[in-house]
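First up is the structure itself, then whatever we jot down about it.
The values are calculated or read from the model by the stated rules, or taken from the named source; none is laboratory data. Since we're looking at a predicted model, the values are computed, not measured. Note that each Cβ is placed from the backbone with ideal geometry, even for glycine, and that neighbours are counted across all protein chains shown. Surface accessibility is based on the protein's heavy atoms, side chains included, excluding ligands, DNA and RNA. Shrake-Rupley method; radii C 1.70, N 1.55, O 1.52, S 1.80 Å.
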Number of protein chains: 2
Amino acid sequence: MITAPSIILCAPQLGENIGAAARAMKNFGLSDLRLVAPRDGWPNERADAMAAGAVDVVASARLFETLHDALADLNLVYATTARERGITKELLTPAEAAKRLRAAAAHGDKTGILFGNERAGLDNDDISLCDAVITIPTAEFSSLNLGQAVLLSGYEWFRQADATPAARTEHSPFHRKPTRQEMFQLFDHLEGELMKSGFLYPPDKQPPMIRAIRATLHRARLTNLEVQTLRGMIVALVKGKHRVKKD
Amino acid sequence: MITAPSIILCAPQLGENIGAAARAMKNFGLSDLRLVAPRDGWPNERADAMAAGAVDVVASARLFETLHDALADLNLVYATTARERGITKELLTPAEAAKRLRAAAAHGDKTGILFGNERAGLDNDDISLCDAVITIPTAEFSSLNLGQAVLLSGYEWFRQADATPAARTEHSPFHRKPTRQEMFQLFDHLEGELMKSGFLYPPDKQPPMIRAIRATLHRARLTNLEVQTLRGMIVALVKGKHRVKKD
């Protein structure tokens, strides 16, 4: 089990933002919250209220007087800044940072991500205590608040190891892919009725029309249930046509 | 120029959340906001207040009476849901969705991402109007609000085409990488002084010690200015030692 990074908030101002950070953390499996000299003291009722389901993260947050103390036991710490600061320091995307944090954590290193306060961010002295800097890429307009910055950092940490397939189709246990034979029966049924109806006309256009219809049906990646439903629809449409004719 | 996806909010409740969505959008270059029957009417002062620097996105938002109308001119639309719904529908990660949205937009398709309201999300009828479903992967605890869901979707859209290098070191224009010759001069200087000081002892350990010191200095990827600073530090330390001895 890899230990997720600690989140260190340096001199945060509003309790609401501490609560929002805690909630953002918990969404992505982060739990160690460290607070350096929060402006409005600690504990803070507004942090509890904003944390909602993540009150446990707020309740177990640790308080430190100085940034030195808060970082002391960590092996790898990245500072988050909104903009490039013109200091000679390695700048990482959140994705690259998450990759490196995971690699370090897998070796047993204790890691952390440091965030500055809502108004001024981190100063260059704070940044000088960290291994490198994370900057979240944005469009020209950039206005991420503290909770959002924590959210995006947590998301990248989680995403890097998330096993969710990029794309998948959920089927109920009663659904399965049709066999080729079931697909061929659908083709025969549909093409037979279309032939009788006069839709496949003129005769020299029949082969390409049939191929196009089959391609459409393949592309839909039908379940066996959907194949049966389509065949029922064909039966109903043909019957309905006859009924109308008889009327 | 690729057109970014439209963001469609279906029956949003609080103006604050519409404003937060607009702000999240603008961070990542999205500008077309569509509102389907917002509960508290439109325009909404709270949306303006929350949008802050993104009031232009709020001001140009378009109002629709039905979801059908809001989606009518789009070619590809993904619905966002907090949890899997047990419907036979393709489920995409935000990263995969962003990739497909970009590919479609590059072909000139108009794309969109649909979000449900804060309380109930989208119902299965809403989802049946969309091509596929995006689910944001989270830990067991999952509590993303509307603005955060829009933020993460926008982030993935932006990230997929972002040219920011994963890692880079910013140097001031006065800095450059040292030449090999400058590095060799640093090695000679440091190793010479260490030899005189008695640090490189015993003699048979000298070669591996020297290699280890050089490896450290290479790993630091020094700038030419930092090489000069280090040499100044060596001079000062040697001088200081002599001064102490003379006292």
Could you give the size of the charge dipole of the protein assembly as shown about its Cα centre, using +1 on the Cβ of each K and R and -1 on the Cβ of each D and E, expressed in debye and rounded to the nearest 20? 1700 debye
Estimated vicinal HN-Hα couplings, Hz - region A:40-56 in sequence order (Karplus 6.51, -1.76, 1.60; Gly, Pro = x): 9, x, 8, x, 9, 4, 5, 5, 4, 4, 6, 5, 6, x, 10, 4, 4
Could you work out, residue by residue across B:159-169, how many beta carbons of other chains sit within 10 Å of that residue's beta carbon, and then give the average as an integer? 5
In degrees between 0 and 90, to the nearest 10, how far off the longest principal axis of chain B does helix B:206-219 point, with axes built from Cα atoms? 30 degrees
Cross-link table A:K26/B:K89; A:K26/B:K110; A:K196/B:K99; A:K26/B:K26; A:K239/B:K89, entries beyond 32 Å C-alpha to C-alpha: A:K26/B:K110; A:K196/B:K99
Magnitude of the Cβ-charge dipole of region B:6-159, K/R +1 and D/E -1, about the Cα centre, nearest 20 debye? 360 debye
Ranked highest first by average number of other Cβ atoms within 10 Å, how do B:122-134, B:146-158, B:208-220 line up? B:146-158, B:122-134, B:208-220
Take the alpha carbon atoms of region B:46-76, find their center, do the same for region B:163-208, and report the distance between the two centers in whole angstrom. 57 Å
Would you mind checking the tilt of helix B:180-197 against the longest principal axis of the Cα atoms of chain B, expressed as 0 to 90 degrees and rounded to 10? 50 degrees
Rounded to the nearest 5, the percent of DSSP beta bridges in the protein assembly as shown running antiparallel is 15 percent
How do the peptides B:68-76, B:3-11, A:70-78 rank, highest first, by the average count of neighbouring beta carbon atoms within 10 Å per residue? B:3-11, A:70-78, B:68-76
Distance cut-off 24 Å, percentage of C-alpha pairs in chain A lying past it: 60 percent
Residues whose modelled amide H sits under 5 Å from the amide H of B:A139, counting only those 5 or more places away in sequence or on another chain, are A:F28, A:G29
Shielding of A:132-143 by other chains, given as the mean Cβ count within 10 Å, works out to 5
Could you list the square roots of 5 times each eigenvalue of the Cα gyration tensor of region A:142-232, that is, the equivalent ellipsoid semi-axes, sorted largest first and rounded to whole Å? 47, 18, 10
If you take the charge dipole of region B:89-247 about its Cα centre, with +1 on Lys and Arg Cβ and -1 on Asp and Glu Cβ, which of B:L144, B:P208, B:F115 is farthest toward its positive end? B:P208
Ignoring everything except DSSP H segments at least 4 long, calculate the 222 nm mean residue ellipticity for the protein assembly as shown; use -39,500 (n - 2.57) per segment, divide by total residues, nearest 500. -14500 deg cm²/dmol
Just checking the output field for B:220-227: average partner chain Cβ neighbours within 10 Å of each residue's Cβ? 1
Relative to the longest principal axis of chain A, what angle (0 to 90°, nearest 10) does the C-alpha long axis of helix A:94-106 take? 70 degrees
Residues of region B:6-159: accessible area per residue with a 1.4 Å probe, Å²: 40 Å²
